[in-house]
Amino acid sequence: MMLSTSLLLFLATCGVEVSSFSSAPLVGTGAAAQHRQMTHIFSMPDDPYPSDYDADDLESTEKTVSVDMDENDAIIRDELKRELILLSSVTNRGSCATTEESNLVVDLVTQLEALNPTADPAANCQGDWELCYSSTQSFRSSPFFLAIRSFLGDDNKQIAESAFDIHDAATTASRVGKVRQIIDKNNNELVSEYEVSVGLLPGLPVQVKGTVITSAEMSVIRPESWELEVKGTKVKGSNVPFLDAFLDDSDLEVPVGEAYKAVSGAVPVSTLKTFYVDEGLRITRDVDENFYVFTRA
């Protein structure tokens, strides 16, 4: 059967060699010449980038730090921050945000990152910070869970997400208190504090309280980026009789980093990126583009 001209055009557009589909000679006067002409016209070039520029000339789509030096934008930043903090408050740090509220927060965060007033934001985050909004489960801001995500890698991302969802469901009845990050003045260590209270049995007014403290080695690798390697996790401030004094006095810590070394030979490296920081507010993203909004404690 003879291929129609429209089909030839379609195949050529898709990069298919037209001559390979001609298993029988075309009939009619001049058919062979017409076939050779069509094949010549629609054969695709070997160059995968048939244009006047190379693929390497294309700009990278990776997000980079913006530094806004316009003093007039300070008023805009203040308005955006007020709206963001208000939404953080009424949505319980984002945990009960509606789709509309979540989309509004995303827009506010994007605008603030474009108006970042600080050069090298990753190197200028020292001090105590308290989480006020998270676009995902708040516990994922801890180096403990960041390490799990890094350990499983992108190939097993769905496994990590499922594990986090299971953990979230298992702790649904718990009440999360303050969530803090402390960054030392030399940018060498990040300490995460996650305050939580969990009911022992449904219906009973008995809760176990404590603060889970996780430390990680920290290094600034780019203007916006840190690398973290988890070191250890411990519990402080427990309200369980006898156990509270033991935990507080013994400074008992689970050596999470050493456990990873024993299992895999190395501590997983987690990357966090900060595209906005000023004297009172910080916005940091993880490898999955989840963002965490912190205010100065």
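The values are calculated or read from the model by the stated rules, or taken from the named source; none is laboratory data. The shown structure was predicted, so the numbers you read here are calculated from the model rather than taken from an experiment. Backbone-built Cβ (ideal geometry, glycine too); neighbour counts: all protein chains shown. Heads up: the accessible areas ignore ligands, DNA and RNA and are worked out on the full protein's heavy atoms, side chains in. Shrake-Rupley method; radii C 1.70, N 1.55, O 1.52, S 1.80 Å.
General remarks:
- FRET E, pair residue 173, residue 89, Förster distance 30 Å, beta-carbon r, rounded to 0.05: 0.85
- Other residues within the sphere of radius under 12 Å centred on the Cβ of residue 137, judged by their own Cβ, net out at -2 (K and R +1, D and E -1).
- Set of lysines with alpha-carbon distance to residue 261 below 17 Å, sequence-local pairs under 8 removed: 231
- Cross-link pairs exceeding 27 Å between alpha carbons, from the set 185/236; 81/185; 209/273: 209/273.
- Within-14-Å neighbourhood charge of residue 188 [Cβ basis; K, R +1; D, E -1]: -3
- Accessible surface area normalised per residue over segment 75-215 is 52 Å², counting heavy atoms of protein chains with a 1.4 Å rolling probe.
- Each Lys or Arg adds one and each Asp or Glu subtracts one; over the other residues with Cβ under 14 Å from the Cβ of residue 71, this totals -4.
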